[in-house]
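The values are calculated or read from the model by the stated rules, or taken from the named source; none is laboratory data. Model, not experiment: these values are computed from the prediction. Here the Cβ positions follow ideal geometry from the backbone for every residue, glycine too, while neighbour counts run over all protein chains shown. In case anyone asks, the SASA skips ligands and DNA or RNA and just uses the protein heavy atoms, side chains included. Shrake-Rupley method; radii C 1.70, N 1.55, O 1.52, S 1.80 Å.
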There are 2 protein chains.
Amino acid sequence: MGLVVQKYGGSSVSDAAAIKRVARRIVDTKKAGHEVVVVVSAMGDTTDELLDLAKEVSPVPSGRELDMLLTAGERISMAVVAMAISDLGHEALSFTGSQAGVITDSMHGKARIIDVTPSRIRQALDDGAIAIVAGFQGVSQDSKDITTLGRGGSDTTAVALAAALGADVCEIFSDVDGIFTADPRIVPAARRIPRISYEETLEMAACGSKILHLRCVEYARRYGIPIHVRSSFSTLDGTWVSDESKGSDQTDMEHPIISGVAHDRSEAKITVVGVPDKVGEAATIFHAIADAGVNIDMIVQNVSAADTNRTDISFTLPATDGPAGMEALTAVQTAVGFEALRYDDGIGKVSLIGAGMRSHPGVSAKFFGALAEAGVNIEMISTSEIRISVVVRGEDVDTAVGALHRAFDLDAEEVEAVVYGGTGR
Amino acid sequence: MGLVVQKYGGSSVSDAAAIKRVARRIVDTKKAGHEVVVVVSAMGDTTDELLDLAKEVSPVPSGRELDMLLTAGERISMAVVAMAISDLGHEALSFTGSQAGVITDSMHGKARIIDVTPSRIRQALDDGAIAIVAGFQGVSQDSKDITTLGRGGSDTTAVALAAALGADVCEIFSDVDGIFTADPRIVPAARRIPRISYEETLEMAACGSKILHLRCVEYARRYGIPIHVRSSFSTLDGTWVSDESKGSDQTDMEHPIISGVAHDRSEAKITVVGVPDKVGEAATIFHAIADAGVNIDMIVQNVSAADTNRTDISFTLPATDGPAGMEALTAVQTAVGFEALRYDDGIGKVSLIGAGMRSHPGVSAKFFGALAEAGVNIEMISTSEIRISVVVRGEDVDTAVGALHRAFDLDAEEVEAVVYGGTGR
């Protein structure tokens, strides 16, 4: 008997049939003796349809009103999920983000959770009901306006509620079976990772793995909430994300050195050409970028050419922020005195992640050896204690991912069957 | 400069184009120097679509969850209306029923308003913004659950806010030009009524006029809020509903004796045949009906037949309540000892309404004379101080309405042009 928070994404509640299937799964969890809190996203394409409607009346709708509009999506799905559960003979009560006590700041469209005060959820559980909560939304502390949490918002809602309620686990359901050693569409031999640390999951999320959002993993790590990433189409175990140093049933000896290979095609590279090599020029450049609200990822500065005393600075950023970044730099061109800007969105980032590389020398050598052997040219390099990332040409990403996956013995002995729609095996 | 509450129904906000038109109209009112509060219904068929979705997962969805689901409809329309206004350069803030301070009891699906505490609306107006409020919804005082107000709920929201804010007028916009002396689809010569009392409007609503709901008019009368019923497709004056005794610019002398002719095809008649004529039998019958939650309208009891000492009791009720009524009566047949039940849904009710009939004798004579001349047979009669209603065969309704309209000189000298989509004439 424990408290389980489950989160179902939009594809798991895409229509009435899907909602009924999810309801049965929720009821099964309840019948197994658990208290159950369920966080739901909007049904299927609802959010996109609401966005389209907004754009029909206003090219740049106000953030407050857009949040009011979009939160209708979860309101619909949570009520219908609650009805489907009631229809199975179990009590279910739905709650908006505001009713669930999800208190945020006032940044419409990307609000941060400040506090979670789930007294109504606790009461519903005490009354024997299943609580259904709208994901992705909250209410601002100052103005009491409805807010949305932005990307990864529903997963974050689930983890935040799990933390506030002292849940035993937060189960994140989607249409994939868990976190894999690489994207199975690129590497057919990729294996599901049964257990992984918060730290490694954070690195994978930061490096382009789409399964869990950085923000949700950060929240889970801070509060020590184990996340179980699993498929809503099967009852198989998925991937457990937790702090393995605290009481995992696996010893470190058994833990593989490398967890997986991640890739990301969503970044672009800006090169600032001919920057005068004097103190403060780089600071001016990166201040301009930061002021435009753009996050940069990797940075490389060439050794200054002796004859010109000028250098090139390259950095990567989300391609969606590309225009804003270029605009911000153009505005400081005269002040900085650089020669030109180059923009390149034909790049890809490939990363090797593994907590084990901390204590195992030779990982870098094998990494670069494998890429060289595969004929992949490297444009930029960045490393952390548990990660090596390189920027390569976009068309080399698949080759690089496959080569690294093989080199670090991640390939499955047999290709693991990915079971959809089944109930066990 | 005054405070205007406007209410736009579903047909006025059916799509993005309609919403933009409504937004221009709202902005025009604001530009004319008024403070503006707008109550909106759900867009077009949204409510029906949400009901269909609910039925797909549960044949009898819980009232709490159904209210949570349906209120998503107004949430969408109010946010989009607010965006459309912002796009015209005016600040607009949307508020849910709960945020607007619409406090109700806990009767999901047909909640009654207990209190309205519109402090956030007042603040928005003080800040120079236009406030957009979701109609049809509130929050229950006890459980803080979302409720819906049932039929006529959006109009009632508008009048209740107008009362709480001390508005100068509550404008109810729909796709008709106002209240007419009869349904123009039946009587082409029907005229728009420029002014009418609350009392007469209540009688018309109770007698089948669909323009304003009884509940909304009752609320307006209690708080003395003038209602202006008008078309969202034109800028013409519609019908002013107010307490004419208090400072109308029309004298009583000018007020016509008769306001209009209403009709209603939505009722059915139940006849309880052979009821023993002793004290308390009628009470048992009507108790049974009341316990089934059915409201009855007109009642006729025949003179008891001397030989059998039995009588027939007929009454009308909403046809939708017919099955419940028949079931309740069947359950008491043995106890009461009546002989049979007859059910007839082929009836119609025709009513003549006019505050002037109080002081003008001869209205009844002319009423029954006109129907006799038109060959309309009368099955039941009921009267109030300002109304005469009769039940006739359904197929005689049109004839009866036309005959009364002519007999009481309500026909327009020229047929008034009903202008749709224009902005003036």
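Along Cα-to-Cβ, 7 Å out, sits the label point; list in nm, shortest first, how far the one on A:Leu51 is from those in the other copies.
3.2
Hey, for A:Pro361 with labels 7 Å out along Cα-Cβ, what do the inter-copy distances come to in nm, ordered shortest first?
Result, one decimal in nm: 12.2.
Sort B:Thr383, B:Thr104 from largest to smallest accessible area, using a 1.4 Å probe on the heavy atoms of the protein chains. Could you put the intermediate results ahead of the total?
Numbers: B:Thr383 90, B:Thr104 0 Å².
Largest to smallest exposure gives the sequence B:Thr383, B:Thr104.
Once the Cα atoms of helix A:363-373 and of chain A are each reduced to a long axis, what angle between those two axes, in degrees from 0 to 90 to the nearest 10, is obtained?
The angle comes out at about 70 degrees.
Ignoring any ligand, DNA or RNA, what whole percent of the accessible area of chain A comes from carbon and sulfur when the probe is 1.4 angstrom?
Numbers: 8920 of 17840 Å².
Carbon-and-sulfur percentage of accessible area, whole number: 50.
Please work out the C-alpha center-to-center distance from region B:111-144 to region B:265-304 and express it in whole Å.
41
Can you give the % of DSSP beta bridges in region B:3-174 that are antiparallel, to the nearest 5?
About 20 percent, rounded to the nearest 5.
Among A:Ala42, B:Ala262, A:His360, flag the residue with its Cα farthest along the positive direction of the charge dipole of the protein assembly as shown, charges on Cβ as +1 for Lys/Arg and -1 for Asp/Glu.
My answer, from the dipole projection, is A:His360.
Mind computing the radius of gyration and Dmax over the alpha-carbon atoms of the protein assembly as shown? Å is fine for both.
34.8, 129
At 1.4 Å probe size, what's the solvent-accessible area of B:Ile299? Round to the nearest 10 Å².
We get 80 Å² for B:Ile299.
At the nearest 100 Å², what buried accessible area, both sides summed, do you get for A and B when the probe is 1.4 Å?
Numbers: alone 19430 and 19350 Å², together 35600 Å².
Summing both sides, the interface buries roughly 3200 Å².
Roughly how crowded by other chains is peptide B:11-19, in terms of the mean Cβ count from those chains within 10 Å of each of its Cβ atoms? Don't skip to the end; give the middle numbers.
Working: counts 0, 0, 0, 0, 3, 7, 2, 0, 3.
The mean count of partner-chain Cβ atoms within 10 Å per residue comes to 2.
Leaving out ligands and nucleic acids, and using a 1.4 Å probe, what accessible area per residue does chain A come to in Å²? Spell out each step's value before the answer.
Details: 17840 Å² over 425 residues.
For chain A, the per-residue accessible area is 42 Å².
Out of residues 5 or more away from A:Ala182 or on other chains, whose amide H comes under 5 Å of its own, with H placed 1.01 Å from N in the peptide plane?
So A:Ala182 has HN proximity to A:Arg191, A:Val261.
What residues does region A:44-68 have that are buried by at least 50 Å² of accessible area in the full protein assembly compared to the chain on its own, 1.4 angstrom probe?
Those are A:Leu53, A:Val57, A:Arg64, A:Glu65, A:Met68, which lose 50 Å² or more relative to the chain on its own.
Lys and Arg at +1, Asp and Glu at -1: add these up for the other residues within a Cβ distance under 15 Å of B:Thr271 and post the number.
Details: positive: B:Lys269, B:Arg310, B:Arg342, B:Arg393; negative: B:Glu267, B:Glu281, B:Asp297, B:Asp312, B:Glu339, B:Asp344, B:Asp345, B:Glu379.
Summing Lys and Arg as +1 and Asp and Glu as -1 gives -4.
Rank B:Asp52, B:Asp291 by accessible area, highest first, at a 1.4 Å probe radius? Let's see the in-between values first.
Values: B:Asp52 90, B:Asp291 125 Å².
If we order B:Asp52, B:Asp291 from most to least accessible, we get B:Asp291, B:Asp52.
Taking all pairs of different Cα atoms in chain B, averaging 1/r and flipping that mean, what Kirkwood radius in angstroms comes out? Write out the running numbers ahead of the final one.
Details: mean 1/r = 0.0429 Å⁻¹.
Here the Kirkwood hydrodynamic radius works out to 23.3 Å.
Quick one: among B:Ala72, B:Ala268, B:Ala17, which has the greatest mean-square fluctuation in a GNM of chain B with alpha-carbon springs under 10 angstrom?
B:Ala17
Leaving out ligands, DNA and RNA but keeping every protein chain, what accessible area does B:Met107 have, in Å² rounded to the nearest 10, with a 1.4 Å probe?
100
Where Lys and Arg each count +1 and Asp and Glu each count -1, what net charge lies around A:Leu125 among other residues with Cβ under 12 Å from its Cβ? Let's see the in-between values first.
Values: positive: A:Lys30, A:Arg120, A:Arg122; negative: A:Glu35, A:Glu91, A:Asp126, A:Asp127.
Net charge around A:Leu125: -1.
Given a 10 angstrom Cα cut-off, can you work out which residue in A:Val332, A:Val392, A:Val159 is the most mobile in a GNM of chain A?
Per the Cα network of chain A with a 10 Å cutoff, A:Val332 tops the list.
Taking a label point 7 Å from the Cα of B:Thr117 along the Cα→Cβ vector, which residues of region B:141-171 have an amide N closer than 17 Å to it?
B:141-147, B:161, B:164-165
Assuming R0 = 60 Å, can you tell me the calculated FRET efficiency for the pair A:Tyr343 and B:Asp409, based on Cβ-Cβ distance, to the nearest 0.05? Walk me through the numbers on the way to the answer.
Values: r = 80 Å, r/R0 = 1.34.
The pair A:Tyr343/B:Asp409 has a calculated efficiency of 0.15.
Determine the percent antiparallel among the DSSP beta bridges restricted to the protein assembly as shown, to the nearest 5.
Working: 88 of 146 bridges.
Approximately 60 percent, going by the DSSP bridge assignments.
Scan chain A for the residue whose Cβ is closest to the axis carrying it onto chain B, then write down that distance in whole angstrom.
Minimum Cβ distance to the axis, with residue: A:Ala72, 2.
Dipole size in debye (nearest 20) for region A:68-172 around its Cα centre, Lys and Arg Cβ +1, Asp and Glu Cβ -1? Walk me through the numbers before you get to the answer.
On the way: 7 positive and 12 negative charges, 67 e Å.
Dipole of region A:68-172, to the nearest 20 debye: 320 debye.
Going by the alpha-carbon gyration tensor, a ≥ b ≥ c the square roots of its eigenvalues, is region B:3-174 rounded (a/c under 1.5) or, if a/c is not under 1.5, prolate (a/b greater than b/c) versus oblate? Before the final figure, lay out the partial values.
Numbers: a/c = 2.19, a/b = 1.38, b/c = 1.58.
Because a/c hits 1.5 or more and a/b fails to exceed b/c, region B:3-174 counts as oblate.
For region B:90-230, with only Lys/Arg (+1) and Asp/Glu (-1) charged at the beta-carbon, what is the dipole magnitude about the Cα centre, in debye rounded to 20? Kindly include the intermediate steps, with their values, before the conclusion.
On the way: 15 positive and 17 negative charges, 66 e Å.
With Lys and Arg at +1 and Asp and Glu at -1, about 320 debye.
From the label point of B:Tyr343, set 7 Å from Cα along Cα→Cβ, how far away are the matching label points in the other copies, in nm, ordered shortest to longest?
7.1
Divide by every residue of chain A the summed helix terms, -39500 (n - 2.57) for each DSSP H run of at least 4, and state the resulting mean residue ellipticity at 222 nm, rounded to the nearest 500 deg cm²/dmol. Please report the intermediate quantities before stating the final value.
Details: 12 runs with 140 residues, N = 425.
That calculation yields -10000 deg cm²/dmol at 222 nm.
Just to verify a number: what accessible area does B:Trp240 come out at with the full protein assembly present, 1.4 Å probe, Å² rounded to tens?
About 70 Å², ignoring ligands and nucleic acids.
Report the FRET efficiency, 1/(1 + (r/R0)^6), for A:Thr320 and B:Asp398, where r is their Cβ-Cβ distance and R0 is 60 Å, rounded to 0.05. It would help to have the intermediate numbers written out before the result.
Numbers: r = 64 Å, r/R0 = 1.06.
After rounding, the FRET efficiency stands at 0.40.
Order the following by accessible area, largest value first: B:Tyr8, B:Tyr219. Probe radius 1.4 Å; ligands, DNA and RNA are ignored.
Numbers: B:Tyr8 0, B:Tyr219 30 Å².
In descending accessible area the options line up as B:Tyr219, B:Tyr8.
At 0.36 nm per residue, minus the direct Cα-Cα distance, what do A:Ser359 and A:Met107 gain on full extension? Give it in nm, one decimal, please. Write out the running numbers ahead of the final one.
Working: separation 252, 0.36 × 252 = 90.72 nm, distance 4.16 nm.
Gain on stretching A:Ser359 to A:Met107: 86.6 nm.
For A:Glu171, list long-range residues whose amide hydrogen, built 1.01 Å from N in the peptide plane, is under 5 Å from its own amide hydrogen.
A:Val5, A:Gln6, A:Lys7, A:His228
Quick check on chain B: of the DSSP beta bridges with both residues there, what percent are antiparallel, nearest 5%? Please list the in-between numbers first.
Numbers: 44 of 73 bridges.
Looking only at bridges with both residues in chain B, the antiparallel portion is about 60 percent.
Among the residues of region A:99-125, which ones have their accessible area go down by 40 Å² or more when all the protein chains sit together, as opposed to their chain alone (1.4 Å probe)?
A:Gln99, A:Arg120
Report, in listed order, any pair from A:Lys55/B:Lys20; A:Lys110/A:Lys210; A:Lys269/A:Lys349; B:Lys269/B:Lys349; B:Lys55/B:Lys269 with a Cα-Cα distance greater than 20 Å. Could you put the intermediate results ahead of the total?
Values: A:Lys55/B:Lys20 12 Å; A:Lys110/A:Lys210 18 Å; A:Lys269/A:Lys349 11 Å; B:Lys269/B:Lys349 11 Å; B:Lys55/B:Lys269 30 Å.
The answer is B:Lys55/B:Lys269.
What does the net charge come to around B:Thr71 if you take all other residues with beta carbon closer than 13 Å to its beta carbon, with K and R at +1 and D and E at -1?
Its environment carries a net charge of -2.
Out of B:Ile386, A:His405, A:Pro184, whose Cα points farthest toward the positive end of the dipole of the protein assembly as shown (charges: +1 Lys, Arg; -1 Asp, Glu; placed on Cβ)?
About the Cα centre, the residue reaching furthest to the positive side is B:Ile386.
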